[in-house]
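Report on the following structure.
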Amino acid sequence: MNYDNVIKYLYSLERKKGTKLGLESIKELLKKMNNPEKNLKCIHVAGTNGKGIVCAMLSSILQEAGYKTGMYTSPHLKDFRERFLINNKKISENDVVKYFLKIKKYIAEQTFFEVITAMAFLYFKDKKTDFLVLEVGLGGRLDATNVAMPLASIITNIGIEHTDFLGKTLEKIAYEKAGIIKENTPVVSGAKGKPLSAIKKICKEKNSELFINKM
């Protein structure tokens, strides 16, 4: 297969499978791949607005500190390869093909986003990145990226969005976004009001220290 064939195949999954939240399917795929996500040092970023900017800033800071830094974001603006960056350099077309073919035999009922997220974990692991800045695709709790065990979690803010998937109130959406919070793992958030209260509650349950950005 060439690059164009791979891209067509991947987007055929998006048309056929659509959006499906949940972790079982990607866990099944990653298990067959020997769980590359477990070998990555991630910073997980969720929120309604500003995720991309925060990811870019974190990536820049880590690179300036001398670290080989991966960044996985979505959606892309012009080029699919924008989703997979190492020190701001896009994945090559050859590597898109290579990493798709590495996992193709394991793909069952996974969605477009689950497949490319699995590709990303394997790619960044093989490239021996020091850190991976990992952006949530949709929500948080049931997003495919939430199989990662991050060094820290960031929730930029909470607004009304994707109500069919995340709920119709700020509190419910905050609960879904805060699903990226892991036990004993620091959290940074710019949320305010009721969403912040929901995040504080989950941080307390998880014994995770919360740092609030008041700007």
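General remarks:
- Cleavage-rule hits, GluC sites (Glu not before Pro), region 169-208, DSSP coil, Cβ neighbours within 10 Å at most 16: GLU183
- With every protein chain in place, region 115-215: carbon and sulfur % of accessible area (1.4 Å): 55 percent
- Extension gain, LYS102 back to GLU161 (0.36 nm per residue minus Cα-Cα distance, nm): 17.7 nm
- The phi torsions of region 145-153, fed into the Karplus equation with coefficients 6.51, -1.76 and 1.60 and a -60° offset, translate into couplings of 6, 7, 7, 6, 10, x, 6, 7, 10 Hz, rounded to whole numbers, with Gly and Pro shown as x.
- Legend: P(r) of region 40-88 from all alpha carbon pair distances, 5 Å bins from 0, whole percents, reading 4, 20, 31, 26, 15, 3.
- Total formal charge among the other residues, if their Cβ is under 14 angstrom from that of GLU205, Lys/Arg +1 and Asp/Glu -1: +4
- Across LYS90/LYS127; LYS177/LYS206; LYS31/LYS98; LYS68/LYS214, pairs whose alpha-carbon gap is larger than 24 Å: LYS68/LYS214
- With only Cα atoms counted, region 77-160 has Rg and Dmax values of 13.6, 39 Å.
- Region 124-195: Cα Rg divided by the 2.2 N^0.38 Å rule of thumb: 1.17
- Calculated FRET value between THR169 and GLU209, using beta carbons and R₀ = 35 Å, to 0.05: 0.85
- Surface composition of region 29-79: carbon and sulfur atoms hold 54% of the protein heavy-atom accessible area at a 1.4 Å probe.
- Net charge dipole, region 42-136: roughly 280 debye, given to the nearest 20, about the Cα centre with Cβ charges of +1 for Lys and Arg and -1 for Asp and Glu.
- Relative contact order for the chain, counting Cα pairs under 8 Å that sit 6 or more residues apart, in percent: 26 percent
- Choice from GLY70, GLY47, GLY159 showing the highest fluctuation, given a GNM over the chain with Cα pairs closer than 10 Å: GLY159
- What the chain shows is 51 Å² of accessible area per residue, with the surface traced by a 1.4 Å probe over protein heavy atoms.
- Loop trypsin sites (Lys or Arg not before Pro), region 138-215, which have at most 12 other Cβ atoms in a 10 Å radius of their Cβ (DSSP): LYS168, LYS214
- Relative pair counts by distance (%), Cα atoms of the chain, 10 Å bins: 9, 35, 37, 17, 3, 0
The values are calculated or read from the model by the stated rules, or taken from the named source; none is laboratory data. Worth saying up front: this structure is predicted, and the values here are computed from it rather than measured. All Cβ positions, glycine included, derive from the backbone under ideal geometry; neighbour counts span all protein chains shown. Accessible surface is based on the protein model in full, side chains and every heavy atom, while ligands, DNA and RNA are left aside. Shrake-Rupley method; radii C 1.70, N 1.55, O 1.52, S 1.80 Å.
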